[in-house]
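Visitor: Below is the structure I would like to discuss, written out as C-alpha cells.
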Amino acid sequence: MATNEQQFRAAVFGGFQKQDVLGYIETTAREHNAKTEALQKELSELTAAKAALEAGQAELAAKAEVSATALVETAAALERATAELEQKNSRLAVLERENTDFKARLAALEPAAAAYQAVKDRTAGIELEAHCRAQAAESAAQEHVKAAKADLEQWMLKVQSGYDRLRTDVDATISHAGGELARVARTLEGISAEFCAHDEALEGLIESYRETLGPRPPMPLSVDGD
C-alpha cells in the first residue's frame, strides 16, 4: 500500500491521473473488503471456538460434578470395603487360631488314627474274607436249589405221568361200569316185568281158589253189642 501511495503522489506531481486514482480506490476497497471478510471469518471462527469452549467448559463442569459424585461414592465404597476387610482380617485371625488348634489336635490324634487305620485294614480283610465265604456259600446254595428244582421238576413229571395213566384207567373203569350198570338196569327191568307177570298169575290163582271154596258164611254178631 505504501508503494501505491508513492506512485499516486508521483502521479499527482506529474499531473492528475484519474484512472490511477480510481484504480487505487478500487484496489484499496478490494483489500479492505478482503481484510473485512478475513476479519469476519476470523470473528466467526472465534465465536464458534468460544461457543465450543463454553460447551466444553460446561461439559467439563458436568463431568467434574459427576466425577465429584463418583468420588464421594467411591470414598464411601472404599470405607465400606475397608470395614469389611477389617472384619475379614479379624475372622481370618480367628480361623488361623482355630487352624493352629486343629493342627495341634490332629497331631495328637495321629497315633490313634494310625491304630484305627490298622484296625480298619484288618477289619476290611476280615470283611473281604467273610464276603468271599458268603459268596461261596451263596453259590453252593444256588447250586443246591438248582439241583432240588431239577429233582422237583422230574418228580412233577413223574406225578403228572402217573396221574395221566390213572385218569385213563379211571375213565376206562367208569365207562365199563356205566356199561355194566346199563346192562344190570336192563336185567332189573326184565325181572320187574317177570314179577308183574307172576303177580298177575298169583292173583288169578287166588281168585280161582276163592271160587272153589264157595260163598263164605256171614260173621256172627257180637254179644256185647259192639
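The values are calculated or read from the model by the stated rules, or taken from the named source; none is laboratory data. In this text the structure is predicted, and so the values were computed from the model without any measurement. When we count neighbours, we look across all protein chains shown, and the Cβ atoms used for this are built from the backbone with ideal geometry, even at glycine. To get the accessible areas, we keep the full protein, side chains included, count just its heavy atoms, and leave off ligands, DNA and RNA. Shrake-Rupley method; radii C 1.70, N 1.55, O 1.52, S 1.80 Å.
Visitor: Being open to solvent by 100 Å² or more (accessible area, probe 1.4 Å) and not aliphatic (A, V, I, L, M) is the filter; apply it to the stretch 174-189 and report the residue that is nearest to the chain's Cα centre (by Cα). Break it down stepwise before answering.
Guide: First pass over the stretch 174-189, keeping only residues open to solvent by 100 Å² or more (accessible area, probe 1.4 Å): 174, 176, 181, 183, 186, 188-189.
Right, trim to not aliphatic (A, V, I, L, M) and you get 176, 183, 186, 189.
Values: His176: 72, Arg183: 80, Arg186: 82, Glu189: 85 Å.
Among them, the one singled out is His176.
Residues checked against (1) open to solvent by 100 Å² or more (accessible area, probe 1.4 Å); (2) within 40 Å of the chain's Cα centre (by Cα); (3) touching a residue at least 40 places away in the same chain (Cβ under 8 Å):
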position: Ala81; (1), (2), (3): no, no, no
position: Arg97; (1), (2), (3): yes, no, no
position: Lys103; (1), (2), (3): yes, no, no
position: Lys120; (1), (2), (3): yes, yes, no
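Visitor: Regarding the stretch 54-74, can at least one residue be identified that is open to solvent by 100 Å² or more (accessible area, probe 1.4 Å), without any contact (Cβ under 8 Å) to a residue 12 or more places away in the chain, among the polar types (S, T, N, Q) and in a helix (DSSP H, G or I)?
Guide: Looking for residues that are open to solvent by 100 Å² or more (accessible area, probe 1.4 Å), without any contact (Cβ under 8 Å) to a residue 12 or more places away in the chain, among the polar types (S, T, N, Q) and in a helix (DSSP H, G or I), one finds at least one in the stretch 54-74, hence yes.
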